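Worksheet: the structure to be examined is printed underneath.
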Amino acid sequence: MSLPNLLEIRLLPPMAIGRLGASDDPMDNYDVIVPDARRLGWREVKPALTLHVDVASGGISGKSIPNKLSFKDAKGFIRPLSPFLEVWVRFQEQPELVPLTLHHLTERGLKPSDIRWSVHVANHKAFRRTANAADKIECRIPEITDHQRHPLPGQCENFIKGATIPFGFVQYIQPTDAFPEIRFRFTPASGYVYAPEGSEPKSFHAEVYRKDGPWAGWPDPGGPLSTMPGGIYYGGDTGKSRGFLDDACDGIIDVELAVNGTKLSSYARVMAGPPAFAPDSFPIRRIFDELEMAMNGPQSDGGTNQDVQDIVRRAFESIRLMNTTVMNGNQVIGHGSNMTSQDSNDVNRYFAPIMAPSTVDNLAVQAIHEYVFAALESEVPPWFAQTFRRFNEIGDLTDTGRRRMPAMMRGADGRYLALTRRQLDIIRMASGLISLEQPAPTRATPPLP
Amino acid sequence: MSQDPIEPRIIEPLNFTAQFSHRALGNPPSTLPESAISNSFPGLECDFRNVWRRIFEGIILHEADNYVVDVEDPQFEHLKGRRLFFIGDAPTVVQVHGPNIPGADVALGFSTLEWSNALADKLVTPGQEMMCYFSKDTSGAPLVLDAVLSPDDLLKKLRSEAVQQTLRIRKLFAKATGDVVSRYLPVIDRQLLQPGELTQSLCSPWQNDYRECACYYWAASRPDFVNVEPGPDGLSRGQNWMMKDRENQPKNYLPDDRTDSRLYTYEELFLNWQKLLRFQIGGKDYE
Amino acid sequence: MVQYLYAAYSLDPASATGGEKEKVRLWQQQILEIAREEMGHLVTVQNLLRVVGGPLSFGRQDCPYQSDFYPFPFELEALSTTSLAKYIVSEMPEQTTIPEIEEIKSLATKGNAGKAVNRVGKLYEAIINLFEKLDDGDFQPGSVAYQADFDTWGRDYARAPRGTSESPKRNAAELIVRPVHSRTTALAALRAVAEQGEGNQENESEFSHFQRFVAIFRHFKSGSVPFVRHLARNPVTMGVTPEPGDEPVARITNQRSLLWAQLFNTRYRLLLSLLAHALHAEGPITISGAPSPRGRLIAGAFGEMYQLRALAGIIVRQPIDDSASGVLCGPPFELPYSLALPDLPSGRWKAHRDILMGSDLIIEQLRHYGAGETKYLDALQFQNKAFLEQIAPILRTLDLPTGIV
């Protein structure tokens, strides 16, 4: 009896986000669920099945559902979100992908160490500004086949000799009979801030960068190469960088398995960023939406009221945590930091609140979302597709334009946020509209012959 | 969205959505793209705009602007420093207009469209060549209003005197190789993005950005208005997430101000952000 | 306006076939837009009443039907060529060159029990004359603080249709909500409202209500009728002893339909209550920079409009009685016995609370009778609860701080 061939492997999820924290204890798993789909309330964050990794052996010592949700440890350090990547496989004669397991390996005469991993993560924040290749902070680990926890030291030519920025750890988890899947764990860094030698005041974790390196004191030339927004580094308000760095990074993890002379490989991307401080709330427009659109195009095959309610829910989750009075440009104390100020500063649009000032209290804005959500529960098609800002209407800063949805928030182009074209198309479809353009009503008076 | 390891797990190889959303056992939802903001200006988890830099084979665009920062194929050397104004018929910029004084509606300038939406319809045909129109000017100066020409006429002029070049648009996703059922894999092609490039245009250190820029696009990830409850007049009362003293009553929101010592300072955050900042569950300080 | 809503809800795009589906959906949208513009007129009229020191007025007056001004008796009926004819004639300008106008007029008369339909334009002309004759002192500029403005009330308006300029200059396809403080602004508002209805003589606007109804009339005539629901005429929830000359009413007797209709009426009442309360409160022109509880009232008013839309969608699928005749119920828009608003702020908020509590009782009955739509009823009840929680502090406060509406 011959075993079905392994045809391809995939490393999933293809994009995993780690979230920084200095605790030695990685964050437990949790679920975020909508307790009742009929209402806009808070999602419930509940502890979920957590795998406990024995760092010394690299194996999973057990699994459990914690009693309590603890984002920080006893010392007050944040517990880092340390995602697992899993190897999935497609066998001949089975169309679906399934997790690759220890059993699949051993029955083919393979060992866990036949799976080779390589990691390459980096932080190019200084390089992006200075354009000096010696400012790239890189960490490459070309081959891992063991189950030790490997640190990820970020090295840079412009660092002080011997200094590195630790980007965290990776560990190829040892598969066992109890936990036979093939896993790789990325543990992000502590979330520390690093500085050039001799920096004052000592508001950072360690000095790593040469005090005469290009990033320390880098004078911002402005110009077309600037990031947008520009000047977003410590010292940016003076036009001169203080040379500070962080331990965020992003990169690629490769996995390879040779089977019967064929090399099967796959890769996934990882990144480390700040914690999600409101884990029960999700953004309106997400990387997921970008990937969906890039994969499937700007036109949707369908759209239901539920799809629209999902968007309304996330809009609600954002505005709920936002001081809408200040964001609206109400003259509370001065102008505040908001889009209305940006409109004035960027293009001299005269300063004015977006919506009528009396109507934007946070609870009133929440209420409107709740009413919309409730009405959609009756399956009445959405009536508001045309109140959304289209992607090429971001230049419209008239009262009408600024009041389009989503309101008050900034988009990737620096102007007001627009949904992805695909998201808007989903709303259009749910509304039963053939097109967001509507034809003008025909003239009743017959045209001249 | 709960995980049960006992159920057999399968994924359709062509179901990319399921793969982007795959919660490997033990991973909370915040490890996935569904939790990451994409109205990147510049972004939090990454600056997604960087994926578009190499979307046209041979040139490297600015992640947030229509400027050609570099070329990878020497045959396109002449495009370096120019601005890409049209891809086929579609402009990459849009006029900004509105009132400079109450009641008016005048041209105020131009804005480059974000690539994600601007390119969306072009990406459905990867590998296709498209005619691209680049500025005659190589100074890199951004497009500004003309003293004489209307914005529409200015764009027409730019197109008529443009340097034209066909470029091939790439697929965002990696090509699958070997015995595969799908042409592509659900991972962003490494040819488009090297390690370090997704995060390079973010704030350095990221805590800097966290302190400023208030919250006007990422409140679900970086909260602003917390511990909110209705006041005696039914209006909301809450606090600024960056406020040190949460005990004040009645609840008071202090607007963002870099010099207000009642809000955490940059330096305090650099040193101690993880102990100072509080997670929010149900919109309230947790732990 | 309510009649236009009824007519719009009688359209059923889903039951149209092929290419007609989109047309029917468009007609529905266009009539809803006309209704929304009428709402703008209603609100602007409240402003006009305010500026001359009059009370707000939301009621439908019972009027002698032979009056020179009243266009036609209030009638809730499904859309038909006849009802369209009545709407057209009521909105028409003094002169028009459309060729089928005589046909339309005679159809309208037939549909109005043999009486000619009056032009609403005549009413506006009379009001304009009146305003021209008022003394300067009759206009109270301070009342502007209590008036409705576009910034506050112009929510959810559709963008101008393709083929028109998107300029913000006022054109007939926009919502007219204007504060008025003087004779000039009052006359300008009246003329704008009139023009939106009938069009401009010199420059026949494509988007006057008159023009839009005529366009729909023409298409309607040629299409088939299955996409109009068989709605009852003038459905009512309560028994009324008809007066001679009254329009016939259709009593809703199916138990569930009756409850849905009562729920609809309750939310309609809440809408009017919130609207009146909001207009009795000082607006943003005096309170600068601060949100006010008025904002919550306005959010509530719009929220109720959305619920009425949802409820109308449910009601038009319900049978009017148990006879299996196929006649369906329509949203009855029955006015409450009183539109009077309590004098004191605390009383006003309590009035909203009382209506919500009444609405909850009806919802419980709907559940008891197995009326379905449980998801929506759940959502609505949750919304009720959320509103009550939000206003609980206001209700608890016996002495409301100054500035509270």
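Nothing in this text is a laboratory measurement; each read-out follows from the coordinates by a stated rule. From a predicted model like this one, the values you see are computed outputs, not experimental measurements. Backbone-built Cβ (ideal geometry, glycine too); neighbour counts: all protein chains shown.
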With 29 Å as the limit, write out which pairs from A:Lys72/A:Lys202; A:Lys125/A:Lys211; A:Lys68/B:Lys244; A:Lys202/B:Lys251 have Cα-Cα distances beyond it, or answer none.
-> A:Lys202/B:Lys251
Any number yet on Rg/Rh for chain A, C-alpha, Kirkwood?
-> 1.02
Rounded tilt (10° steps) of B:266-276 against the dominant C-alpha axis of chain B = 60
Excluding residues on the same chain fewer than 8 positions from C:Lys21, give the aspartates and glutamates whose Cα lies under 12 Å from its Cα.
-> C:Asp12
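Under the definition of Cα pairs under 8 Å and six or more residues apart, what whole-number percent is the relative contact order of chain C?
Normalised by residue count, the contact order of chain C is 17 percent.
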Value at 222 nm in deg cm²/dmol, rounded to 500, when DSSP H runs of n ≥ 4 in the protein assembly as shown each add -39,500 (n - 2.57) | -9000 deg cm²/dmol
Let me know the Kirkwood hydrodynamic radius for the stretch B:52-171, please, with Cα pairs as the basis and the value in Å to one decimal.
-> 15.0
Could you quote the convex hull projected area for the stretch A:287-431, Cα atoms only and averaged over all directions, in nm²?
-> 8.6
Quote the relative contact order of the stretch C:235-396 in percent (integer), defining contacts as alpha-carbon pairs under 8 Å separated by 6+ residues.
-> 29
Using modelled backbone amide H atoms (1.01 Å from N, in-plane), which distant-in-sequence or interchain residues come within less than 5 Å of C:Arg233's amide H?
-> none
For the stretch A:195-270, treating each Cα as an identical point scatterer without solvent, what Debye log10 I(q)/I(0) comes out at q = 0.12, 0.16, 0.25 1/Å?
-> -0.53, -0.70, -1.14
In straight Cα distance, which lysines are under 23 Å from C:Lys105, not counting same-chain residues fewer than 8 positions off?
-> C:Lys86, C:Lys115, C:Lys122, C:Lys221
Across the stretch C:18-28, in residue order, what do the Karplus-derived ³J(HN,Hα) couplings come to in whole Hz, using 6.51 cos²θ - 1.76 cosθ + 1.60 with θ = phi - 60° and x for Gly and Pro?
-> x, x, 6, 3, 5, 4, 5, 5, 5, 4, 4
Lys and Arg at +1, Asp and Glu at -1: add these up for the other residues within a Cβ distance under 11 Å of C:Tyr268 and post the number.
-> 0
The protein assembly as shown: C-alpha pair distances exceeding 45 Å, % | 40
Taking every eigenvalue of the Cα gyration tensor of chain B, multiplying by 5 and rooting it, what semi-axes result, largest first, whole Å?
-> 40, 31, 17
Karplus-derived 3J(HN,Hα) from phi for the stretch C:263-273 (6.51 cos²θ - 1.76 cosθ + 1.60, θ = phi - 60°), whole Hz, x at Gly and Pro, runs 4, 4, 4, 5, 5, 4, 4, 5, 4, 5, 5
Taking every residue of A:324-330, the Cβ atoms of other protein chains inside 10 Å of its Cβ average out to 5
Sorted from fewest to most neighbouring beta carbons within 10 Å, what does the list C:Leu297, C:Leu231 look like?
-> C:Leu231, C:Leu297
Listed by chain and number, the aspartates and glutamates with an alpha carbon less than 18 angstrom from that of C:Lys350, same-chain partners under 8 positions apart left out, are B:Asp233, C:Glu304, C:Asp360, C:Glu389, C:Asp399
Taking C:Ser80, C:Ser106 and counting other C-beta atoms within 10 Å, the order from fewest to most | C:Ser106, C:Ser80
Long-range amide H partners of A:Arg10 with built H, under 5 Å | A:Trp88, A:Val89
Two pseudo-spin positions, 7 Å from Cα along C-beta at B:Glu161 and at A:Ser61, lie apart in nanometres by 7.2
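Order of A:Val255, B:Val106 from fewest to most other C-beta atoms within 10 Å?
Neighbour counts put them in this order, fewest first: B:Val106, A:Val255.
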Between A:Met409 and residues 5 or more places away or on another chain, which pairs have amide H atoms under 5 Å apart, with H built 1.01 Å from N, and which residues are they?
-> A:Leu417
Across the residues of A:89-101, average count of Cβ atoms on other protein chains within 10 Å?
-> 3
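Would you mind checking B:Lys122/B:Lys175; A:Lys136/A:Lys263; B:Lys275/C:Lys385; A:Lys75/B:Lys284; A:Lys136/B:Lys175 for any pair whose Cα atoms are more than 25 angstrom apart?
Listed pairs above 25 Å: A:Lys136/A:Lys263; B:Lys275/C:Lys385; A:Lys136/B:Lys175.
Just round it to a whole percent: the fraction of Cα-Cα distances in chain C exceeding 27 Å. If you can, show how the numbers build up before the last one.
Working: 44572 of 81810 pairs.
Here the long-distance tail beyond 27 Å is 54 percent of all Cα pairs in chain C.
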Tilt of helix B:151-160 relative to the longest C-alpha principal axis of chain B, in degrees (0 to 90, nearest 10)?
-> 40
